[in-house]
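Presented below is the structure to which this report refers.
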Amino acid sequence: MRIGRSRNRPGPVAGGDVLGRTVVTLGLLLVATAGRPAQAQSPRAALESLTGHWTGAFVVYAHDGTQVDSLSTEHRYRWEDGVQVGTQIDRYPDGRVVRKTARNYVTDDGTLICEVNPPDGAPITYRGRVSDGAIVWHRKTDAGVVESFRERVVDTPTGPEYRINGFGVYPSGDGARSHLHFVGRYRAVHQDVSTGRE
């Protein structure tokens, strides 16, 4: 979804930049382990909860609750030498398919980092911390882009669900700002580890 033209803010609604960048980041960012008290969660355990394969929908709303855009997405996460690597495939209603990658890790001081690599732009870095059973991710750029969101995995009667709730502020060259809310709901794709097939 694009609401603007600058590199740091979304373009036209049908385009997909803000939604794409945000979904990349949000989708590839990881959440706290379900069921554990927040004070007992380590940053590594918070990242661990998303290891695997997830599919679902990501929806963007304007500040008045009007739906601006949506997409279906698929995420896969695995560990490589202490870094959680992610791949994401976003499918937009207009038929576009966008693939992205990310690296998630914990710094020596316990800060969570997510480095997102969109296919058509500069890498985006988010910083995070574990708070009240979720990872809270954020970034603020010199251009005035602000994003903040909570991600967590919760147990439901039909299995685990990865949930995203957040917001973004995106300035335009003429001084206007777009204020957006994000909601993501992803379900785990169960794997048969005995055969290596899903």
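The values are calculated or read from the model by the stated rules, or taken from the named source; none is laboratory data. Being a predicted model, the structure only gives us computed values, none of them experimental. For neighbour counting, all protein chains shown are included, and Cβ atoms are generated from backbone atoms with ideal geometry for every residue, glycine included. Accessible surface is based on the protein model in full, side chains and every heavy atom, while ligands, DNA and RNA are left aside. Shrake-Rupley method; radii C 1.70, N 1.55, O 1.52, S 1.80 Å.
Protection proxy ranking, highest mean first, for peptides 63-69, 112-118, 125-131: 112-118, 125-131, 63-69, where packing is the per-residue count of other beta-carbon atoms within 10 Å, averaged. Each 5 Å bin, from zero up to the one with the longest distance, holds this percent of the alpha carbon pairs of the stretch 44-190: 2, 9, 16, 22, 24, 16, 8, 3, 1, 0. With a simple spin-label model that places each label point 7 Å from the Cα along the Cα-to-Cβ direction, the separation between T125 and T55 comes to 3.5 nm. Just how far, in whole angstrom, is the stretch 41-56 from the stretch 91-168 if you go by their alpha carbon centroids? Rounded to whole Å, the Cα centres lie 12 Å apart.
Using a probe of 1.4 angstrom and keeping all protein chains present, the accessible surface of the stretch 44-190 works out to 49 square angstrom per residue. Scalar couplings 3J(HN,Hα) for the stretch 112-126, obtained by applying the Karplus form with A = 6.51, B = -1.76, C = 1.60 to θ = phi - 60°, are 7, 10, 10, 10, 9, 10, x, x, 10, x, 6, x, 10, 10, 10 Hz; x denotes Gly and Pro.
Computed with the Debye formula from one identical point scatterer per Cα of the stretch 37-116, without solvent, the log10 of I(q)/I(0) at q = 0.24, 0.25, 0.27 Å⁻¹ comes to -1.09, -1.12, -1.20. For the stretch 88-196, carbon and sulfur atoms together expose 50% of the accessible surface, with a 1.4 angstrom probe and every protein chain in place.
Applying both filters, DSSP loop and at most 15 other Cβ atoms within 10 Å, to the trypsin sites (Lys or Arg not before Pro) of the stretch 55-118 gives R96.
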